[in-house]
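J.: This structure is in structure tokens; I'll ask about it shortly.
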Amino acid sequence: MSGAIVIGASGSWARAMLKISPYTFSAIGIAVAIGVSVLGAAWGIYITGSSLIGAAIKAPRITSKNLISVIFCEAVAIYGVIVAIILQTKLESVPGSQMYVPESLRAGYAIFASGIIVGFANLVCGLCVGIIGSSCALSDAQNSSLFVKILVIEIFGSALGLFGVIVGIIMSAQATWPSKV
Amino acid sequence: MYGFEAMTFNIHGGYLEAIVRGHRSGLLTVADYNNLCQCETLDDIKMHLSATEYGPYLQNEPSPLHTTTIVEKCTVKLVDEYKHMLSQATEPLSTFLEYITYGHMIDNVVLIVTGTLHERDVQELLEKCHPLGMFDSIATLAVAQNMRELYRLVLVDTPLAPYFSECITSEDLDDMNIEIMRNTLYKAYLEDFYQFCQKLGGATAEIMSDLLAFEADRRAVNITINRCCHDSILCSSLEQSLHEMIVESCILVSAYCKTNYPYGHEELAVCEDIDQVHVLACVYIIDVRGVMEKYPPYQAIFGKLSYGESQMLDKAFYEEEVKRLCLSFEQQFHYGVFFAYMRLREQEIRNLMWISECVAQNQKSRVHDSVVSIF
């Protein structure tokens, strides 16, 4: 294993962490990016959706307008999908001898971190948008002039997920695997 | 988990919360009340109500309307909404909704027992019962002779059974006993409801504790005033012991809301020194006022009343209650809105009853006396 770094005694946690394949990290990163994003989106949609259904009984006019809230939540899942696709394009095969060189490890960690960032940023973003969307549906049913005002708040909430996506994409640019020799 | 209801509340409660808020927007507005107060006949009232959510319920009523018909139909609407919500609800919301009806159940039990005592027809009494407080064996209440029988024969199967632990006696039922029973039951009910809400935690506990504490305070004040009025009329030593029992139940009612104003209720309970010179009821009310004005939330209520206007106290309390109930709609993700909605509807039905009574009896000058507009 030329070029592989050696940290800690054999049997230590540090060594064990180091010996996890960069591909494992990459795969977990990609899975978290899409999985947790979709969790956030789904969570947001049920919070919004259950309120929207109830509120629409007495004020049917709000249904189509408030679909925007659901779409905002859905967008969060789409961010996750986009980032997962970007991340998986970063995966390249490296020869077994190069598997544990620092560059490989760096690429693996970069994809992992990128996935975590995007996943959790989108989870809280989805929650935030969902809760605001639920309030939006209820207040729109009472007073339709409130819809646009709450929509602005919702857009700001939705931007939070975008920050995660931006940082995640920049982070994944670090993932350069060692070139095949 | 305080502050995190937003994340999980909607799993079970989101749909119904939205529905109850939808119902709330159907409450009569100030403009509606102004129109109703202008009415000349009960048919006018019906016409105005037909534009509101009460419309379908009053539609098929034949023309010589009675006040009772209007009130009855409005109550039917409330009961329909309640049943719809209850059928949709899951735990713990369904238990919460059931708790709301226990107050009516207590009133119904008292109504039947009092009625039987005065030898009224049971069927006639059953018609007067509030439909929210009905339970299966209510008609058999008439057979009971004392508290123990009442409990053993009928009430042991109802949700009220646990509240009876404090008032099982073998004494024969009479008016005074029944009144004490009502207050003891209500006290046990409020405490139980309060505990239940505390168990739910979060915003529900916060909002409901305020609403229930207010309810308990209002009852405590009312009991004190009634007792004072009673004192001034009957001062015999026999009556005295009965009064003490009522005072006791009054202290019990208010026992749990001491957290807010620790000493107020004791002071309230003590304002009973029957001075031979002041045997007039209003003196005692002033006494009560003196105690209550020390507590900020009640300053405004008692401040509004000029001396001697004790009959306005009820209205002042209702106004304050409506204000608090409306405020509970300002927060989302809690069960308080269900309680608040039911109470507001009941207030609305009381308003409609007052308005239609005034119209029916040609007392239009008094129509604004007891109407508490909600929004």
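J.: Mind listing whichever residues of the stretch B:115-131 are closer than 28 Å to B:Asp80 by Cβ, of a type outside the set (Val, Ile, Thr) and part of a helix (DSSP H, G or I)?
T.: The first filter runs over the stretch B:115-131 and keeps only residues closer than 28 Å to B:Asp80 by Cβ, leaving B:115, B:121-131.
Next, from what is left, pick out any that are of a type outside the set (Val, Ile, Thr): B:115, B:121, B:123-131.
Within the stretch B:115-131, B:Gly115, B:Gln123, B:Glu124, B:Leu125, B:Leu126, B:Glu127, B:Lys128, B:Pro131 meet the criteria.
J.: A further question on this structure: Tally time: how many residues in the stretch A:33-57 are closer than 20 Å to A:Gly115 by Cβ, of a type outside the set (Gly, Ala, Ser) and in contact with an Asp or Glu (Cβ under 8 Å, 6 or more places away or on another chain)?
T.: Summing the residues that are closer than 20 Å to A:Gly115 by Cβ, of a type outside the set (Gly, Ala, Ser) and in contact with an Asp or Glu (Cβ under 8 Å, 6 or more places away or on another chain) in the stretch A:33-57 gives 0.
J.: Every residue in the stretch B:325-340 that is surrounded by fewer than 21 Cβ atoms within 10 Å (Cβ to Cβ), within 13 Å of another protein chain (Cβ to nearest Cβ) and hydrophobic (A, V, I, L, M, F, W, C), please. Break it down into steps so the answer makes sense when it comes.
T.: Taking the stretch B:325-340 and keeping what is surrounded by fewer than 21 Cβ atoms within 10 Å (Cβ to Cβ), we get B:326-327, B:329-331.
Within this subset, residues satisfying the condition of being within 13 Å of another protein chain (Cβ to nearest Cβ) are B:326, B:329-331.
B:Cys326, B:Phe329 - these are the residues of the stretch B:325-340 that are surrounded by fewer than 21 Cβ atoms within 10 Å (Cβ to Cβ), within 13 Å of another protein chain (Cβ to nearest Cβ) and hydrophobic (A, V, I, L, M, F, W, C).
J.: If you don't mind, another one. Suppose the filter is touching a residue at least 60 places away in the same chain (Cβ under 8 Å) and within 14 Å of another protein chain (Cβ to nearest Cβ); does A:Ala107 pass it? Before the answer, list the steps.
T.: Details: touching a residue at least 60 places away in the same chain (Cβ under 8 Å): yes; within 14 Å of another protein chain (Cβ to nearest Cβ): no.
No.
J.: Checking the condition surrounded by 15 or more Cβ atoms within 10 Å (Cβ to Cβ) and within 14 Å of the chain's Cα centre (by Cα), which residue from B:Met134, B:Met105 passes? Give the steps one after another, and end with the answer.
T.: Values: B:Met134 fails: within 14 Å of the chain's Cα centre (by Cα).
Exactly one of B:Met134, B:Met105 is surrounded by 15 or more Cβ atoms within 10 Å (Cβ to Cβ) and within 14 Å of the chain's Cα centre (by Cα), namely B:Met105.
J.: It is to be established whether one or more residues within the stretch B:342-351 are among the polar types (S, T, N, Q) and buried (at least 17 other Cβ atoms within 10 Å of the Cβ). It would help to see each step written out before you state the result.
T.: Filtering the stretch B:342-351 down to residues among the polar types (S, T, N, Q) leaves B:347, B:351.
Then keep just the ones that are buried (at least 17 other Cβ atoms within 10 Å of the Cβ); that gives B:347, B:351.
Looking for residues that are among the polar types (S, T, N, Q) and buried (at least 17 other Cβ atoms within 10 Å of the Cβ), one finds at least one in the stretch B:342-351, hence yes.
J.: Okay, next question. Would you mention how many residues in the stretch A:128-149 are more than 10 Å from chain B (Cβ to nearest Cβ) and in contact with a Ser or Thr (Cβ under 6 Å, 6 or more places away or on another chain)?
T.: 4
J.: Something else: Suppose we filter the stretch B:153-205 for residues that are part of a loop (DSSP other than H, G, I, E, B) and modelled with pLDDT under 80; how many remain?
T.: Just the residues of the stretch B:153-205 that are part of a loop (DSSP other than H, G, I, E, B), to begin with: B:158-160, B:167-171, B:173-174, B:201.
Filter again for modelled with pLDDT under 80, leaving B:167-171, B:173-174.
Residues flagged as part of a loop (DSSP other than H, G, I, E, B) and modelled with pLDDT under 80 within the stretch B:153-205 amount to 7.
J.: Any idea how many residues of the stretch B:1-52 are within 12 Å of chain A (Cβ to nearest Cβ) and under 19 Å from B:Trp354 (Cβ atoms)? Steps first, answer last, please.
T.: Looking only at the stretch B:1-52, we keep the residues that are within 12 Å of chain A (Cβ to nearest Cβ), and these are B:3-27.
With the extra rule that they be under 19 Å from B:Trp354 (Cβ atoms), the set shrinks to B:27.
So the count comes out to 1.
J.: Oh, and also: Go over the candidates A:Ser144, A:Ser139 one by one and state the one that is outside any helix (DSSP H, G or I), modelled with pLDDT under 95 and closer than 30 Å to A:Lys58 by Cβ.
T.: Working: A:Ser139 fails: outside any helix (DSSP H, G or I).
On inspection, the qualifying residue turns out to be A:Ser144.
J.: Filter the stretch B:1-43 for residues that are over 21 Å from B:Val337 (Cβ atoms) and not in a helix (DSSP H, G or I) and give the result.
T.: B:Gln38, B:Cys39, B:Glu40, B:Thr41
J.: Could you pull out the residue among A:Ala31, A:Ala42, A:Ala55 that is crowded, with 19+ Cβ neighbours inside 10 Å and either modelled with pLDDT of 95 or more or in contact with a Lys or Arg (Cβ under 8 Å, 6 or more places away or on another chain) (or both)?
T.: Details: A:Ala31 fails: crowded, with 19+ Cβ neighbours inside 10 Å; A:Ala42 fails: crowded, with 19+ Cβ neighbours inside 10 Å.
From the options A:Ala31, A:Ala42, A:Ala55, the qualifying one is A:Ala55.
The values are calculated or read from the model by the stated rules, or taken from the named source; none is laboratory data. Given the structure is predicted, the values throughout are model-derived calculations rather than measurements. Cβ atoms come from the backbone with ideal geometry, glycine included; neighbour counts cover every protein chain shown.
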